[in-house]
Amino acid sequence: MSDAAPLLDRLDTTVCVVTTAEEGRPAGCIVTYVTAASITAARPRLVVLTSHQNLTHELVERSGVLAVHPVAREQGHWVRHFGLQSGRDVDKFADLEWEPGETGAPILDAAAGYLEGRVLASLDCGDHTARLVEPLRAVLRDAAAVPLRASEVYASGVEDARSPSLFPWR
């Protein structure tokens, strides 16, 4: 449905690094499909979509845990680091300071904050899988950090050579 593109372009989200680990192997990728899925503080939920192309997707599938780190504007270099190279080819964590969280998912020391949780349910959405996440721990380290928006990344011209467009509906 090509008529949807102008509207979908306006559904802006915060760029996040999603991390996980399975049997001691860490993985991380950039995601732009993240949203709160509950309005009650007594039962918070989050929906996170991961691309089927990513190693992170495979390890979240097996481990059932993940951590979401919103990317601050000054951390734009994380888009290339976590988004334009594969964890199958490089160790994305080799030069970063991090520690395993409660679930074993890597927690990035330089992140403005993070939410760590377990996957309650998954839904195959074609080229991505939506994951309903129950937060186990959430930490906001820098309330003044300005989140990097997906529209800012797309406007900067960052392109992934693996796909013809960052907007799959175009």
Leu115 being touching a residue at least 40 places away in the same chain (Cβ under 8 Å) and assigned to a strand (DSSP E or B): yes
Quick check on my filter: what residues within the range 54-79 are touching a Cys at 6+ places or on another chain (Cβ under 9 Å) and farther than 30 Å from Ala143 by Cβ? Leu55, His57
Return the residues of the range 67-89 that are crowded, with 17+ Cβ neighbours inside 10 Å, in contact with a Ser or Thr (Cβ under 9 Å, 6 or more places away or on another chain) and farther than 21 Å from Pro135 by Cα; say none if nothing qualifies. Val79, Phe82, Gly87
The range 40-68 residues that are farther than 14 Å from Gly83 by Cα, paired with ones that are surrounded by 22 or more Cβ atoms within 10 Å (Cβ to Cβ) and among the charged types (D, E, K, R) (beta carbon under 6 Å, 6 or more apart): Val48/Arg131; Ala67/Glu116
Inside the range 67-98, can you point out the residues that are of a type in the set (Gly, Ala, Ser) and in a strand (DSSP E or B)? Ala67, Ala72
For the range 35-66, give me each residue that is in contact with a Leu (Cβ under 7 Å, 6 or more places away or on another chain) and either outside any strand (DSSP E or B) or buried (at least 16 other Cβ atoms within 10 Å of the Cβ) (or both). Ala37, Arg45, Leu46, Val47, Val48, Val60
Residues of the range 13-31 that turn out to be of a type in the set (Val, Ile, Thr), part of a loop (DSSP other than H, G, I, E, B) and surrounded by fewer than 21 Cβ atoms within 10 Å (Cβ to Cβ), as a count: 1
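Laboratory data are not the source of any read-out in this text; all were calculated from the coordinates shown. Everything numeric in this text was worked out from a predicted model, so none of it was measured. Here the Cβ is made from the backbone with ideal geometry for all residues, glycine too, and neighbour counts use every protein chain on show.
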